[in-house]
1. Suppose only helical runs count, i.e. DSSP H with n ≥ 4. What mean residue ellipticity at 222 nm does that imply for chain B under -39500 (n - 2.57) per run, divided by all residues and rounded to the nearest 500 deg cm²/dmol?
2. Run the quick spin-label model on A:LEU282 and B:SER131: label points 7 Å from Cα toward the beta carbon, then report their separation in nm to one decimal.
3. Mind jotting down the distance between the C-alpha centroids of the stretch B:36-107 and the stretch B:119-176, whole Å?
4. Taking 0.36 nm per intervening residue step and subtracting the Cα-Cα distance, what contour gain separates B:LYS101 from B:VAL266 on full extension?
5. Order these by the 10 Å Cβ neighbour count, fewest first: A:SER240, A:SER138.
6. In a Gaussian network model over chain B where Cα atoms closer than 10 Å are linked, find which of B:PHE112, B:PHE96, B:PHE160 has the largest mean-square fluctuation.
7. Can you check what the net charge comes to around B:ALA58, using other residues whose Cβ is under 13 Å from the Cβ of B:ALA58 (Lys, Arg +1; Asp, Glu -1)?
8. How would the protein assembly as shown be classified by its alpha-carbon gyration tensor: rounded, prolate or oblate, with rounded meaning a/c under 1.5 and the a/b versus b/c comparison settling the rest?
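Bear in mind these aren't lab numbers, they're just calculated from the coordinates by the rules spelled out. Predicted, not measured: the structure shown is a model, and the values here were computed from it. Quick reminder, even Gly has a Cβ in these numbers, built from the backbone with ideal geometry, and neighbours come from all protein chains shown.
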Amino acid sequence: MDVRVSSLRKEFDRYPALNDVSLSIRSGELIALLGPSGSGKTTLLRLIAGLEQPTAGNIFFGADDASLKTVQERNIGFVFQHYALFRHMTVAENIAFGLTVRPRGLRPQKAEIRRRVADLLEMVHLSGLEKRYPNQLSGGQRQRVALARAMAIEPKVLLLDEPFGALDAKVRKELRRWLRDFHDRTGHTTVFVTHDQEEALELADRVVVMSQGQIEQVGSSDDVYDRPNSPFVFSFIGDSASLPVTVEGETIRFRGEAIGITPSTGDIDAGTLFFRPQDVVLPPPGEPALEGRLSACRRLAGTRIADLDIGPPGAPHHVEIEIPLATTVRTGASLRFRPTRWKIFPHAA
Amino acid sequence: MAHDPATRRLRPPTTEAPFARYALMAIAFLFLALFLLLPLAAVFIEAFRKGAGEFLAAFGDPDTIAAIRLTLLVAAIAVPLNLVFGVAAAWAIAKFEFKGKAFLTTLIDLPFSVSPVISGLVYVLLFGSGSLLGPWLRSYGIEILFAVPGIVLATVFVTFPFVARELIPLMQEQGNGDEEAALSLGASGWQTFRHVTLPNIKWGLLYGVLLCNARAMGEFGAVSVVSGHIRGLTNTMPLHVEILYNEYNFVAAFAVASLLAALALVTLLVKTLLEFHYGAEIAAGRKH
């Protein structure tokens, strides 16, 4: 089932949580909504689910206008951040809930429900735990029960709110891989919300980067990491450094000095230069480059990170770059470097 | 590990010296014995002063039987009413945002802050002979004041905070997550309430009903004002105790009183059991 969101707007007490958001999700895609807290990603998910009503705009499931339907009619599977398992019901009763509350005519036979529950438990690798209560399960097991419960109603779309948020790092990694695998096997259109970029980049077919109630960029992991289209995406995803620069013809200058790189487009005359710490070289003396004072040097796993102060001593710009492990520089000494991959965003008009 | 003799003498910082500890405990126990246990024992001792025969005979009196029956009837009406009201009010306050919510919350607490006599007098003003409503209703043959409806109204008024007060913090703490999950799985509003909300609050609800019932059966002030004290007709148990006592019929008075005391003890017992088994689930509202 493909999902289309068109010009969606949501206000809470006149404050816009979501502002003119449009998004097309292809059938069977695994989509991550990524953004800092307050970016509107959970609101968007809840609007798709029907747990909130939009102030304006529409949501389409296929050709159907889902925004005219209630949450019950939309037939979605929603996995809540804290799972929201029914604590007074066993695992089996939790999973069967969506089937047992169906009106008499649509409700499967008891034996059929039992069979479906057994199948689902097997699918989430929890066979044998059907008689347990939620408080007798680990976090990762609860998560999978919540997923099985959502899948029991054979949803058109699977929506997950911070699916790994409440788990410890190791379980999180395991479940991440498991969810990708699960998605590939079942082929459901899946949307999940996360604030963890690593999770989004690793798991999703496409990542929707959100900020302040708007979509900043939609693209594959490579797109959003290598070709960020806004200063926000550049600084939000991965590590980055930024410096104010001016462009004069073929030369990019920082504080009037050429820094040895040339712009790709000519229509910018002042903007912010973004680059990633690993995309730098230390040029031989004499070549134009950026120059900074080393304020600290840190060893980080297989690399060495240099903290540099660039510009006037009173109000320097702080920049982090990766330098070869063998480099030996004293704190306070000056270090010259040049970005190899970068992007300049013009100052906001 | 060997303890340094200097540190071994130190107490945990939140513990007092033994003298202070025992003194505090003694004060608490003495106070309770003097003001609670002694009077409670006195009730039972007085009731059985002339033997079990006299005690049982007190319950053969038709007026006493009528009083017990009326008390049960009033509780049987007031408690379910307040159960429904309490759940509805708690649901509204805990799960929705609306204008006047703070006002409603304050209103629910009103019976706790108003003297029961005032609660009774309100109904006298509303339905008395000098009021607008009273004579109008009487022209249709409906008696409110000095009749069972007045007693029920006064009791409902006095006891309505119990269930709501118990449930509001509980439901607020639980939030909407479970309900949203049920709805997303296709459950209707009623199914969600029946299968998800109600099981989540049942122990808190039972706790509130228990306290509500104890108060409904034991209420004196408000009921006394609206009842009119008609023997065999509008006397509840607490009112009947007073009448018997004023007539120097001590054994009968204390016999009926012992029944109320027994109710209190049973309530206390069930309350303790509930707290013991489901403490975590009702902890949010445990402040009465």
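1. Numbers: 16 runs with 212 residues, N = 288.
For chain B, the value works out to -23500 deg cm²/dmol.
2. 9.2
3. So the separation of the two Cα centres works out to 15 Å.
4. Details: separation 165, 0.36 × 165 = 59.40 nm, distance 3.54 nm.
Extra length from B:LYS101 to B:VAL266 when fully extended: 55.9 nm.
5. Details: A:SER240 20, A:SER138 11.
So the residues, fewest neighbours to most, are A:SER138, A:SER240.
6. Checking each option, the largest mean-square fluctuation is seen for B:PHE96.
7. Counting the neighbours of B:ALA58, the net charge comes to -3.
8. Prolate is the answer for the protein assembly as shown, as a/c is 1.5 or above and a/b outweighs b/c.
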